[in-house]
Structure formats: structure tokens, C-alpha cells
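Reading through the C-alpha cells given below for one structure.
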Amino acid sequence: MKLRSLIFLGLLFFGSVIGHAQHIAKLDSLADSICPTFTSQPKNLNLCQGLSQSLIITVTGKSTNNFQWEVNLGSGFVKVVNGTGYGGATTPTLTLIGVSTAMNSYRFRCVVTSGTCDSLISTAATLTVNPSPPVTAIASDTVSCSGASITLSGGGALSYSWTGGVTNAAS
């Protein structure tokens, strides 16, 4: 009779341990559905000087998420602040406005926080800024009258637009 009681208690204890493990698994699953996870990371950008472009992340999760973009200028990541050169510093989309060659090799990442969940840090995207090509335009010093022809030449650009409406041609 003692053996039967011990077996019953052992089964009861073992069942309790299994039940406890199942509850922990359900809690972990619930936390995964609430805490954010990345569905897309920011991508490297290759821009010409003076252009604007956005870095975008997307996350899943049912909680309210807080976003903070960070930039590494070469000595560690610091918070991005909205203003000259940046917009959307606390949103999933950071807009880089009128990039300069001084920003070449900057690295950007986003930190996502949500309630009691651990902070989520995106991969860093690198910005490559290509300088604008030097453009030269040369006109002769000759004084010309209306209707006379003049020669203009230029270099360093794919197309030219001259004042007066002439584009890549003569008129």
C-alpha cells in the first residue's frame, strides 16, 4: 500500500512539473507576441551629395513601441535629433535630408523599446555619400547681338541646360 501511494505521489509531482513547464511555454509565447521583433532592418544607402533618402525598419508586436534612431560618426552611437539634416528620429522611418560628403561612412541604427520588453537594436546601415561631379561651363568673351551665334561648352555632367532655354543643342 505504501508503494501504491508513492507511485501516485510521483505521478502527481511529475504531472505538476509538466504542467508548470507548459505554463512557462505559454508565457514565453505570450511575451513573443507582445514584445517587438524586427521584420525588416535598415539598408545601406549610396547617395549623391545633396540628395535626401529614408532609412526604414518594421517591427511586429502588440505593445506600444518607442523608436530612437542613433548615428555613429566614428566614435560610438549617439541619439539622432530632429532638425538640420534629420527628420523622424523617434519613428520607424529616419529621413536624411540633403546629405553632405561630411556624412560619408556615418552608420545608423534604431533602438526599439516597449514596456518591460528588452531593448531591440537594429543592424547598422552605412551611408555612402558621393560628391557631385565638378561642372564647368565656358563661354567666349565675345559680345554678341541678338540673332548671332555663340559657342558654349561644358564638362562633368550628363546634360546641360543653358539660360535662355537651349539644352544640349544649338538654336
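Here the range 40-62 is the region considered, the condition is being crowded, with 17+ Cβ neighbours inside 10 Å and part of a loop (DSSP other than H, G, I, E, B), and the residue that is modelled with the lowest pLDDT is G61. Within the range 93-122, the residues that satisfy the criterion of being among the β-branched types (V, I, T) and assigned to a strand (DSSP E or B) are T93, T95, V111, V112, T113, I121.
When the residues of the range 76-118 are filtered to those that are loosely packed, with under 12 Cβ neighbours inside 10 Å and at pLDDT below 95, which remaining residue is farthest from N46 (Cα to Cα)? Restricting to residues being loosely packed, with under 12 Cβ neighbours inside 10 Å and at pLDDT below 95, the top hit is T116.
The values are calculated or read from the model by the stated rules, or taken from the named source; none is laboratory data. Note that the structure is a prediction, hence the values are computed from the model and not measured. Cβ atoms come from the backbone with ideal geometry, glycine included; neighbour counts cover every protein chain shown.
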